[in-house]
Structures are given as C-alpha cells and as structure tokens.
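Take a look at the structure below.
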Number of protein chains: 2
Amino acid sequence: MIKIGLAGYGNLGIGAAKAVAAAPDMELAAIFSRRAPDDIKNLSNVPTYSIKAAKSFINDIDVMLLCGGSKTDLPEQAPYFASMFNTVDSYDTHSKIPEYIKTVDDAAKKTTAVISAGWDPGLFSIMRSLFKSTIPDSETYTFYGKGYSQGHSDAIRRIEGVSFAAQYTIPVESALNAVKNGEKPKLTPREKMRRECFVVLKPGFDEAKIRNIVITMPDYYADYDTTVNFIDEAEFNKNHLKMFHGGMVLTNGNTGENNHKMEFSLSLDSNPDFTGSIMVMYARAAYKMAKEGLFGAKTVFDIPVCYLSHEERDLLISDLL
Amino acid sequence: MIKIGLAGYGNLGIGAAKAVAAAPDMELAAIFSRRAPDDIKNLSNVPTYSIKAAKSFINDIDVMLLCGGSKTDLPEQAPYFASMFNTVDSYDTHSKIPEYIKTVDDAAKKTTAVISAGWDPGLFSIMRSLFKSTIPDSETYTFYGKGYSQGHSDAIRRIEGVSFAAQYTIPVESALNAVKNGEKPKLTPREKMRRECFVVLKPGFDEAKIRNIVITMPDYYADYDTTVNFIDEAEFNKNHLKMFHGGMVLTNGNTGENNHKMEFSLSLDSNPDFTGSIMVMYARAAYKMAKEGLFGAKTVFDIPVCYLSHEERDLLISDLL
C-alpha cells in the first residue's frame, strides 16, 4: 500500500482523502494542518498533526499531497516538502508556473515532485498539448464553467476584510457556439469567459475598496469582466456552498481541405473532489517514478498514463487498449 | 529533420504523407509499396520503391510508418520492419493486441516500435485508462460513428469476390442518450452500435454467401447487428467514398454522493488523414525514445505527451500547462 500524507485539510484535502479511500492500492497515513490538530475533524480517523511536525514523518509517508492554495501556501510549501517527500500539488497560477517549477525542481533532488496536477492545469493541459501535436494546423480553445473556482475564490478570501467568497466562471455563449461550429475565431480571455463573485465582508470593511482589489487582481481577475456582489452570510450559506464546475478543451484543425474537431469536456459536481482524485492518481505516478530514480519536478506532460493506473501494464493493454 | 518512410500507400499512407508534410520537424524520405513503383502516383514527389527494397534503406530512414491493414498486412510486416527500423502502426484488432505486441516486442531488440497508435486503439485508449484512473468508481463507454471504418471496410474488401466495400458504424441512440444523461447501463457491443455495409461484388459471386461471410466474421462483425447492402459501382462511387468518422469516450463516475462526467469526442472529415496524423505524432516519440535507448514495443500508455510534441518541454510548460 502506498502511504499518503495530506498537507492541508480544507476542501481540497477532504476531496483528496476521499480519493485515497477509493484507491485500491493506497492508505491515508497522516494529515498535517496549520490549524490546531484538535480542531480538525477528519472523515477517516487518521491521526492529525501540526504541519510543523511533518518532517519527522519522512519514513512513514510515501507521497505528500500539498492541498494548500496557489496564491501563498504552495510557493512556500512545495519546495519545503519536496526536499523531504515525494509530492503532488495542483498549483494553478498558470503565468507563474515556469518560475514555480524551477524552485520545486531545485528542492526535489532525491524526490519526485509532480506539480500542477489538477484538471487545469492538469488534464486540460494534456489535451491542449495532445490536440496540437495531433493536428499542427489547428486552433485550441479552453472554456470554463459555469462553475465555482477554488483558486479564484481562495484569492478573494485572502483579502483582508473578506469572510467568505465564491467565484463562478461563466463561458461567453456566442464565443463557445462559434468554436463548436468549427470556426477558428481569435478570442481574448475576456471574450471567452466572465467571472461573477459573491462576497461576505467582515464588519467595517468598505465594499468599493474590496471590489477594486478583486477586479484589478493580476493573474486572477484583471483580464476578465468581473462582477462582485456583496451578500450576507445567510445568503452565502444558502446559495454558494456547492463547488460544482466544468469546462472543455476544443480544437478545430485541418488536414488540407478536411476539418477535424477534438473535444474534451468535464462536468463535475464537486471541483475539490475531482481535483483531489487527480492528485491521488498522480501520487501513484510519483511513487512509481521515485522507485525508478526519476527525481525532480515533473508535470503531466512528463508522465505516461500507465504510471497513473494501479493495474499492471499487461492488463491495461488487454482491457483498455 | 526526422526522416520518415511509408510502408504501404493506400488511404492511410496518403493521410500519413500529408501529416509528415505538415510536421515542422519531419521529411518524407521514401515510399514502399507492394504495387509496382511506377504505378504509384504520390503527392510529394518522393521516390517510391518495392516494399522488398526497404531493407537497404536502414541508414536513410529514422521511422517507418506501417500503413497496411490489420487483418493480414501488419501481423506479417510489423515484426519484419521492427527488426530493422523504428516503426509506428495503427493495428486495430483489439482482441489480438496482446499476441501482436509480443511478436513485435521480440523483433524490436534495437528499435522502438509503437503499436496501435490510431484513434482507437490510440487516443481513445489513453482516455479510457486516464478516466478510469481518475475516478475508480466509474463506468466508461466507447461509442463510434456515425462514420466509415477503414479496418472494417478493409476486412470486407479482402473477401474473395468483393470489388469495393464501405462500412458505417452507427451508435444506438437510446444507449448513447442514457450514458450522456449520467446513467451507468450495462451495454453489450451489440447494444451500443450497429454496422451498415455497402458492397460491390465482382461478377459471378453470390450475395447470400458473401453476406454470411461478413456477418459471421469474428472480431469484426460477429458481435454486432450488421446489415449488408449490395450496390453497383456507380452508386458506390457516388455515395461511399467519403471516409468521415467520429466517436466518443464517456465516463460517468462518483466520489461518494457527487457525480462527475468526463467526455472525449472526435468528429473527423477524413479517418485516414486523422489516423495518419496520429501515427506521425507517434513517429516523433519513436524517434526520441530510440535515441534514448528505450527499445521494444511501446503503446500509447507508455509514452508521455511531451514526446509527441516538436516543441521543447520548457515551451510546453510555459504555453500549454
């Protein structure tokens, strides 16, 4: 059994714990959190420790899943944990990945550290690269939603004065339809999707100021049409706790006069459950690659699908090829 | 530039030649055919030789694309060519792949031989394995069509007495809708799709006998509801030369009470163009893997997507992750 540790036990950590329980070849060994261990109710009766205690578990954990946020947690935690453990994270600040992977790779001298293994970046990245390599004369489009985005909601929650926040990403329908019809329009991020936010403020904070911080936030909001709605906690709890999401990667390509469409789409009741499931799948790859001495920071581009399955290669070939 | 050879220059070979021309890092070095070289008109002004002459081109070709049929050509040609060249084929008799890969692997001692690299087996196989590994508590369905199947048409054309044949695979709509709605029905191949064939006979052959050979053909037709229509050559040329195809892999999965849908779908004007494009993409992988000494028979499960792209890994990470 592959022994899994969780660093962080918010929504993503809970999703990852469920995925470990569903994996036939894994067991959850320990949970680490910044919160006081006694405050954490976990679903699996697994021992919970302060995140500072993790370093004494080097021999007890095969892969550590880093379930913190991309904005502040992971840039600090990923190199730290990768220096000791095989790790998987779902770092999702696309524009900063080149810088991020270098710091993780420098730390992962004798470990395997899979970065950005969620659904985007992650499965969607695989599709973008695969589709483009299949048909070079092509245009590829990524659409999100409608759905709740963990990373973007997290980014708002970290603003001083915010109690709760939910962000929904919504495709611009006219753009989506054009691509589905086989057209190859040039679309900016703003023309493809818009962002709608619902925010609960702590007493004494100013709506206009917080709105401005949100809509000008680089990487997350500045490049999109964003609306920010301020609501009270009761309304938030009633309408904004469902973390559904989805999206699609669409490629329209040509071989001479012939048109070809490729599409990958996801419709997810729970974004953190699904992202946790992907991280757990890549934990299996990290474990296998580390056994083979394939150390350093890895991406979804570097890992063949046979490393992701608990089945033997012969069985994959006979059953799924 | 990666130097590509084509063994076989039917529809698939022509599609592969177009894909080589579209690849920025490849050139077509030679075409080999069983037909007399002078009979072959090729689009690319590339020298054409008898397939028997191929062995004298070992130093001139980096990867040989095997563009013959699965029924009789590839089982004979793949081990022969893999003993001399890096190869890629799109062998598509699913039930015989375990036996096939062994004979190719035995031959590929100092070469890299990628087998079954089309869209199914191939891209669809990647999705089936990836989806199942992501959500273990799931059911995965493959639907084909409506579209023309090369392999199945080829199998009919090889029956004595058949001049021309076209086979269309058609999804059973009620089954497809149930899966799209998130249901997890148990479906036999027969319940998922049906097969419709249009056949032109040579003079003096018996329709009833040929129909019986088709509908009882193991692997290809015996497990499906198949209709065989006999038509004349004029009607065939008017209505049955378009080799469009498509299909989808659908997975309905659960993490506890939450439902998740994953879908991969293709809509293709030309099946051989698209299959040829996939083979060319895997030729790049075969070339890179051979350079690294990763010899033997490989499947799409064994090859990370970074081997499929002509772009450097750093650029994939910054642009597509």
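Observations
- Adding -39500 (n - 2.57) for every DSSP H run of four residues or longer, then dividing by how many residues chain B holds, sets the calculated 222 nm ellipticity at -10000 deg cm²/dmol.
- Gyration tensor verdict on the stretch A:268-321 (Cα atoms; rounded if a/c is under 1.5, prolate if a/b is larger than b/c, oblate otherwise): oblate
- Mean projection of the Cα convex hull over all viewing directions, computed for the stretch A:1-147: 10.5 nm².
- Here's how it looks for A:Met64: its modeled amide H is under 5 Å from those of A:Gly5, A:Asn86, A:Thr87, A:Val88, which are all 5 or more places away or on a different chain.
- For the protein assembly as shown, with +1 on Lys and Arg beta carbons and -1 on Asp and Glu, the positive-most of A:Pro272, A:Ala286, A:Thr188 along the dipole: A:Ala286
- Rounded if a/c under 1.5, otherwise prolate or oblate - the stretch A:191-254, Cα gyration tensor axes: oblate
- Computed extension length for A:Arg190-A:Glu99: 30.3 nm, one decimal, from 0.36 nm per residue of separation with the Cα-Cα distance subtracted.
- Reduced Cα scattering model of the protein assembly as shown, Debye log10 I(q)/I(0), q = 0.09, 0.11 Å⁻¹: -0.77, -1.10
- Close amide H partners of B:Gly69, meaning residues 5 or more places away or on another chain with modelled amide H under 5 Å apart, are B:Leu74.
- Near B:Lys18, once Lys and Arg are set to +1 and Asp and Glu to -1 for all other residues with Cβ below 11 Å from its Cβ, the sum equals -3.
- For the stretch B:190-201, the Karplus equation 6.51 cos²θ - 1.76 cosθ + 1.60, evaluated at θ = phi - 60°, returns couplings of 4, 7, 8, 8, 10, 10, 10, 10, 10, 10, 10, 8 Hz by residue, with Gly and Pro reported as x.
- Volume in Å³ per residue [convex hull over Cα atoms, computed for chain B]: 150 Å³
- Sites B:Ala21 and B:Glu183 - FRET efficiency at Förster radius 41 Å, r taken between beta-carbons, to 0.05: 0.40
- Long-range HN-HN contacts of A:Ser163 with modeled amide H, under 5 Å: A:Val200, A:Leu201, A:Lys202
- Counting Cα-Cα pairs of the stretch A:174-321 in 10 Å increments starting at 0 gives whole-percent bin shares of 8, 21, 28, 25, 15, 3, 0.
- Distances in nm from B:Lys180 to the matching label points in the other copies, shortest first (labels 7 Å along Cα to Cβ): 1.0
- Excluding ligands, DNA and RNA, the accessible surface per residue across the protein assembly as shown is 41 Å² with a 1.4 Å probe.
- Cα centre as origin, Lys/Arg/Asp/Glu Cβ charges: the protein assembly as shown dipole, Debye: 380 debye
- Shielding of peptide B:274-285 by partners, expressed as the average count of other chain Cβ atoms within 10 Å per residue Cβ, is 3.
The values are calculated or read from the model by the stated rules, or taken from the named source; none is laboratory data. Everything numeric here is computed off the predicted structure, so don't read it as measured data. Virtual Cβ from ideal backbone geometry, glycine too; neighbours counted across all protein chains shown. Heavy atoms of the whole protein, side chains included, go into the accessibility calculation; ligands, DNA and RNA do not. Shrake-Rupley method; radii C 1.70, N 1.55, O 1.52, S 1.80 Å.
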